[in-house]
Amino acid sequence: MREIIDPAFDALVIVDVQNDFCPGGALAVPGGDRVVPVLNRYIQRFRELKAPIYASRDWHPPVTKHFQTYGGAWPPHCVEGTKGAAFHPALALSPEAIVISKGMDPEQDAYSCFQAQDAEGRDFAVSLGEGGIQRLFVGGLATDYCVKSTVLDALHEGFQVVVLQDAIGAVDVQPGDGERAIEEMGAAGASFTTLEEV
């Protein structure tokens, strides 16, 4: 079914397309950079319609319980201000895109964009509410962690969610994690689309 973007109610959410999550990075999603050209086309469509675009980033302090060194599950990645934390250089973010940052609290893992804040310190949900946004089109990395957490939190908060199935990639720590995440998002009420349908 074709999805009609309504700039008054819809927003594009690009999750964590950062160097450390792409090939060569500290915590690379296999083939993670393949989402970049697809997301760039989504960005172009949302820009043409003057619909809001959000881009999230992990922005961890050097010392955080998120990292293995301090009891967490992951190797150090996306440390604030480092090259690894920068957006992928080919990601064509528009100047008006709203960057939201998460993971700054050393006591929190913060997978979901709903734990992120914009440059003014506003919570993501507050920013969406002020913009009258009701539906989120979500793509990025990784399907089985930050994308899934964001989608499930959005549904819990009462937003409609459309997952950009051609613009996500999974870590697959356990084989099949990505497919299971897609099933979980669908069961929770998310719908799915591709560029051909937007």
(request) Using only Cα atoms, tell me the angle between helix 35-48 and the longest principal axis of the chain; keep it within 0 to 90° and round to the nearest 10. (result) 40
(request) Describe numerically, in nm with one decimal, the distance between label points set 7 Å from Cα along Cα→Cβ at Tyr70 and at Met104. (result) 1.5
(message) If every alpha-carbon in the stretch 85-160 counts as one equal scatterer, what log10 I(q)/I(0) does Debye give at q = 0.20, 0.26 1/Å?
(response) -1.01, -1.54
(message) Treating only the Cβ of Lys, Arg, Asp and Glu as charged (+1, +1, -1, -1), what charge dipole size does the stretch 10-181 show about its Cα centre? Round to the nearest 20 debye.
(response) 400
(message) If each DSSP helix of 4+ residues adds -39,500 (n - 2.57) and the sum is divided by the residues in the chain, what number results at 222 nm, nearest 500 deg cm²/dmol?
(response) -6500 deg cm²/dmol
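Is there a quick way to get the dipole size of the stretch 42-101? I mean about its Cα centre, with the Cβ of Lys and Arg at +1 and of Asp and Glu at -1; what is the value in debye to the nearest 20? It would help to have the intermediate numbers written out before the result.
Values: 6 positive and 4 negative charges, 16 e Å.
Dipole about the Cα centre, nearest 20: 80 debye.
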(message) To make sure I understand, if each residue's beta carbon is the centre and we count other beta carbons within 10 Å, what order do Ser191, Ser149 fall in, fewest to most?
(response) Ser191, Ser149
(request) Mark the label point 7 Å from the Cα of Glu196 along Cα→Cβ and return the residues of the stretch 1-28 whose backbone N is within less than 18 Å of it. (result) 1-4
(message) Quick check: Cα centre of the stretch 45-82 to Cα centre of the stretch 158-198, how many Å?
(response) 19
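Laboratory data are not the source of any read-out in this text; all were calculated from the coordinates shown. Owing to the predicted nature of the structure, the values given are computational and were not obtained by experimental measurement. In this analysis, Cβ positions are derived from the backbone assuming ideal geometry, glycine residues included, and neighbour counts consider all displayed protein chains.
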